[in-house]
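**Q** Handing you this structure, nothing more for now.
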Amino acid sequence: MAKFEVKLPKMGESVAEATIISWLKNVGDTVELDETLVEIATDKVDSEVPSEVEGTLLEIKFEADAVVKVGDTIAIIETAGEDNTELEVDEKVSNEEAEQIEEKVNETIEDNTIEKVSLSGKFYSPLVRNIAEKEGVSMDELEAIIGTGKDNRVTKNDILAYIESGREVYKQNVSKEEKNIVEESTKTVKSEPKVSTPVSVNGTDEVIEMTRMGKLIAHHMVASVQTSAHVQSFIEVDVTNIVKWRNAVKDKFFAREGEKITYTPIFMKAVAKAIKDFPMINISVDGDKIIKRKAINLGMAAALPDGNLIVPVIKNADQLNLVGMTKSVNDLANRARKGQLQPDEIQGGTYTVTNVGSFGSVFGTPIINQPQVAILALGAVRKVPAVIETPEGDFIGIRHKMFISHSYDHRVVNGALGGMFIKSIKENLEAWDVNAKF
């Protein structure tokens, strides 16, 4: 019999690790070729890992909630045939280096002052403990962090967000004297764990556990508000020419391209052009430094069947023509709804657009998608009475109009830039040629 190593597959260039959600097979179960073995999660994307061989599941090396690096062996499957040569070599290497590895592990354990399980009963993964040790985060600080993982465990994203926020939540809970100690030395200080306000529940109420994605979104939104100084600008756009053009070409467009043309790719094209004209919107903040992004990668908020949102990213959006943008928008939106996005497809966004108008909202005040510094909300397109200026005089007519809302980080984007940016989008949209070819 041979032993086959099931490794965590590569899920995109920017994805280095994933969290085990659940095993769909138990040790001893028969496994078919391409049958799903395990569900994994990276940020907000859940994926499945299929078996590359058929046989019997011999060993599971990582249990649920474990964080695994790409390329790590997560399970062993026993198959018919000769022994796996690669596995034998790995075993020989591990035997030769066993003493050295054991010494390193012992040294790490001795140096690690973060307990696996705290006095309050909270569990901390090896990855979280290592980050805490490296960044000087104390056990008391870990206890104060509100976890978004299973059973409220502190995840890698939780502790990194806490560190990136400047550990303000912790600092607010310590005394003035302790704050001075934090600022003047590298010693850790103690604080009482954050106590949430109790919520009364009566017999007619239903208690619903937040989903994993819901917890991640909640944490991401709170962290964003704590990080950025949110300011909004609003502007009304006349999209009558766009509405007329789309109505005139949508059937021909579908017949030629096999794609439905919506307003979204037109809006995304206008946003990409505005970013090229105002590149200081396409930035991130790193401490006291500004990172100016060269690539224009547009995030597109998409609604999921369970009510949550996910943000797939259109890479190098400024390089796409209208047909290419339409295909990208439709493809990402369809696969987002079906849960078929790859982890790399929600990474690397530099600016985000969300369509609140799809729910009937006239406008909204969206929260910035960190580490970006701005986000645009598209309101509903409506027929409204409007003053139309002509050489013969002004008159009242029916026009298609919409509001766009621009939230931006006032630490690095001032009102002039924020206002000029959406004014540029307005001008791009209102200048649409009703006779444009696609």
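**Q** Can you find, within the stretch 342-357, the residue that is farthest from the chain's Cα centre (by Cα) among those that are within 24 Å of G418 (Cβ to Cβ) and among the polar types (S, T, N, Q)? Talk me through it step by step, then tell me what you get.
**A** Within the stretch 342-357, the subset within 24 Å of G418 (Cβ to Cβ) is 348-357.
Adding the requirement that they be among the polar types (S, T, N, Q) leaves 350, 352, 354-355.
Values: T350: 12, T352: 11, T354: 14, N355: 17 Å.
Ranking the candidates gives N355 first.
**Q** Considering only residues that are modelled with pLDDT of 95 or more, out of contact with any strand residue (DSSP E or B) (no Cβ under 7 Å at 6 or more places or on another chain) and at negative phi, which ones fall in the stretch 298-324?
**A** K315, D318, Q319, L320, N321, L322, V323, G324
**Q** Follow-up. Looking only at the stretch 243-264, count how many residues are assigned to a loop (DSSP other than H, G, I, E, B) and surrounded by fewer than 18 Cβ atoms within 10 Å (Cβ to Cβ).
**A** 4
**Q** Tell me, which residue of the stretch 330-341 that is modelled with pLDDT under 90 and surrounded by fewer than 20 Cβ atoms within 10 Å (Cβ to Cβ) is farthest from the chain's Cα centre (by Cα)?
**A** K338
**Q** Which of (1) at pLDDT 95 or above; (2) exposed (fewer than 15 other Cβ atoms within 10 Å of the Cβ); (3) part of a loop (DSSP other than H, G, I, E, B) is the odd one out, the single condition I367 does not satisfy?
**A** The single condition I367 does not satisfy is (2).
**Q** Consider I310 carefully, then state whether it is out of contact with any Pro (no Cβ under 9 Å at 6 or more places or on another chain), touching a residue at least 24 places away in the same chain (Cβ under 8 Å) and crowded, with 21+ Cβ neighbours inside 10 Å.
**A** Details: out of contact with any Pro (no Cβ under 9 Å at 6 or more places or on another chain): yes; touching a residue at least 24 places away in the same chain (Cβ under 8 Å): yes; crowded, with 21+ Cβ neighbours inside 10 Å: yes.
Against the criterion (out of contact with any Pro (no Cβ under 9 Å at 6 or more places or on another chain), touching a residue at least 24 places away in the same chain (Cβ under 8 Å) and crowded, with 21+ Cβ neighbours inside 10 Å), I310 qualifies.
**Q** Would it be correct to say that K383 is in contact (Cβ under 8 Å) with a residue 60 or more places away in the chain and in contact with a strand residue (DSSP E or B) (Cβ under 7 Å, 6 or more places away or on another chain)? Steps first, please.
**A** Working: in contact (Cβ under 8 Å) with a residue 60 or more places away in the chain: no; in contact with a strand residue (DSSP E or B) (Cβ under 7 Å, 6 or more places away or on another chain): yes.
Against the criterion (in contact (Cβ under 8 Å) with a residue 60 or more places away in the chain and in contact with a strand residue (DSSP E or B) (Cβ under 7 Å, 6 or more places away or on another chain)), K383 does not qualify.
**Q** Tell me which of these I283 doesn't satisfy, since it passes every other one: (1) exposed (fewer than 15 other Cβ atoms within 10 Å of the Cβ); (2) under 26 Å from Y408 (Cα atoms).
**A** Every listed condition holds for I283 apart from (1).
**Q** Now for a different question. Inspect the stretch 230-242 for any residue being touching a strand residue (DSSP E or B) at 6+ places or on another chain (Cβ under 7 Å), buried (at least 18 other Cβ atoms within 10 Å of the Cβ), in a helix (DSSP H, G or I) and modelled with pLDDT of 95 or more and give the result as yes or no.
**A** Yes, the conditions are met somewhere in the stretch 230-242.
**Q** Does G348 meet the test of being out of contact with any Gly (no Cβ under 7 Å at 6 or more places or on another chain), in the same structural domain as T262 (by TED's automatic domain parsing) and modelled with pLDDT under 95?
**A** yes
**Q** Would you be able to tell me the number of residues in the stretch 336-387 that are closer than 13 Å to I404 by Cα and among the charged types (D, E, K, R)?
**A** 1
**Q** Scan (1) at negative phi; (2) loosely packed, with under 15 Cβ neighbours inside 10 Å; (3) in the same structural domain as I422 (by TED's automatic domain parsing) for the single condition F267 breaks and write down its number.
**A** Among (1) at negative phi; (2) loosely packed, with under 15 Cβ neighbours inside 10 Å; (3) in the same structural domain as I422 (by TED's automatic domain parsing), the lone unmet condition for F267 is (2).
Yes/no matrix, rows are residues, columns are (1) free of Cβ contacts under 8 Å to residues at least 12 places away in the same chain; (2) buried (at least 17 other Cβ atoms within 10 Å of the Cβ); (3) of a type in the set (K, R):
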| position | (1), (2), (3) |
| --- | --- |
| G397 | no, no, no |
| F403 | no, yes, no |
| G415 | no, no, no |
| F421 | no, yes, no |
| K426 | no, yes, yes |
| A436 | no, no, no |
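**Q** For T352, which of the numbered conditions (1) assigned to a strand (DSSP E or B); (2) of a type in the set (V, I, T); (3) in contact (Cβ under 8 Å) with a residue 60 or more places away in the chain fails to hold?
**A** It is condition (3) that T352 fails.
**Q** So how many residues does the stretch 115-173 have that are over 18 Å from V222 (Cβ atoms), of a type in the set (A, V, I, L, M) and modelled with pLDDT under 70?
**A** Count: 2.
The values are calculated or read from the model by the stated rules, or taken from the named source; none is laboratory data. On a predicted model such as this, the values are computed, not experimentally measured, just so you know. Reconstructed Cβ throughout: ideal geometry from the backbone, glycine too, with neighbour counts over all protein chains shown.
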